[in-house]
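The next block holds one structure in the form of structure tokens; read it before the comments.
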């Protein structure tokens with residue numbers, strides 16, 4: 001069945017256009033499932049997949065995975081066996097009665113365009129290199145939907161101003177993200193001026209630096225944004241991730257399809273992206 005798994009993963013990448021990190025996530029989940037099947041059945045001949053998959057579900061529960069993780073692993077299994085049936089490799093889908101745990105999802109918090117401008121106005125009030133850095137970071141987050149961890153991990157070499165795009169992540173989990181002219185101009189000015197004001201070590205590769213000239217951390221940016229949110233009077237539910245939520249909703253509202261937004265956000269599973277479609281006004 002390993003060959004069938006490879007055929008399925010190839011189908012996801014070639015015909016469905018899934019990103020490399022999505023395919024990698026499927027590979028990890030399916031490899032775990034197949035390891036269990038091979039251990040329990042001893043081979044594919046006469047395998048009762050329905051019973052073995054029920055045992056697999058129990059095993060996942062014993063490992064105390066979160067409901068969201070279990071739901072994702074079961075969704076991967078269902079997709080794989082549907083492919084097996086659709087491609088004629090299997091006569092009946094053994095996942096038909098496989099129950100997935102209910103996952104409660106909290107509605108994401110969004111900023112309206114006006115609220116975002118209120119937030120952005122705060123660092124513009126202070127003419128310091130740190131405040132100018134913060135403007136660039138907020139604008140980049142709002143324009144790309146990057147995760148905070150991806151933002152602070154950016155190096156100068158990850159930015160391509162000629163093509164108005166950046167590279168975030170490393171290896172198979174990396175992806176390219178485009179940005180508009182406004183963000184391109186901000187980044188160009190930041191690299192030529194304000195980043196240099198914060199730079200102490202010429203060998204430092206980080207794009208965004210703290211006042212000591214080292215890479216700004218995720219926790220550091222979280223505190224910075226918390227202060228701006230408070231100053232703008234936006235309440236205590238706005239976090240750095242709110243800008244990612246706002247980016248996703250605005251993309252869907254402007255007519256982007258769900259799969260495109262999934263790719264932009266770097267979601268491994270489309271189910272993670274669907275929450276924005278449900279929340280986006282029609």
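Reducing the stretch 179-248 and the stretch 57-125 to their Cα centroids gives an inter-centroid distance of 30 Å. For the chain, the Kirkwood hydrodynamic radius from C-alpha pairs, put into Stokes-Einstein at 25 °C and a viscosity of 0.890 mPa s, yields a diffusion coefficient of 115 µm² per second. Evaluated on the stretch 2-86, the Kirkwood hydrodynamic radius is 13.4 Å, with distances taken between all distinct Cα atoms. Axis of helix 67-86 versus longest Cα principal axis of the chain: the two differ by about 50°, to the nearest ten degrees. Each label point was placed 7 Å from the Cα along the Cα-to-Cβ direction; for residue 167 and residue 155 their separation is 0.9 nm. Compute the long axis of helix 270-279 from its Cα atoms, compare it with the longest principal axis of the Cα atoms of the chain, and write down the angle in degrees, 0 to 90, nearest 10. Tilt of helix 270-279: around 60 degrees. I'd like the orientation of helix 218-232 relative to the chain: the angle between its Cα long axis and the longest Cα principal axis, in ° from 0 to 90, rounded to 10. Helix 218-232 and the main axis of the chain meet at about 60 degrees. Label reach from residue 200 (point 7 Å along Cα→C-beta): in the stretch 214-258, amide nitrogens under 16 Å belong to 214-217. By the count of neighbouring beta-carbon atoms within 10 Å, fewest first, 186, 243 end up ordered 186, 243. Seen from every direction in turn and averaged, the convex hull around the alpha carbons of the stretch 113-279 projects onto 10.0 nm². With neighbour counts taken as other beta-carbon atoms within 10 Å, the residues 162, 155 rank, fewest first, as 162, 155. Extents of the stretch 136-197, largest first, come to 33, 22, 21 Å (Cα atoms, principal axes, whole angstrom). Label point of residue 48 set 7 angstrom out along Cα-Cβ; within the stretch 23-39, amide nitrogens under 19 Å from it belong to 36-39. The simple spin-label model puts a point 7 Å past each Cα toward its Cβ; for residue 85 and residue 35 those points are separated by 2.8 nm. Projected label points at residue 222 and residue 10, each 7 Å from Cα along the beta carbon direction, are separated by 4.3 nanometres.
Bear in mind that the values in this text are calculations on the coordinates, not laboratory data. As the structure is a prediction and not an experimental result, all values here were calculated from the model. Neighbour counts are summed over all protein chains in view; Cβ atoms, including those assigned to glycine, are modelled from backbone coordinates with ideal geometry.
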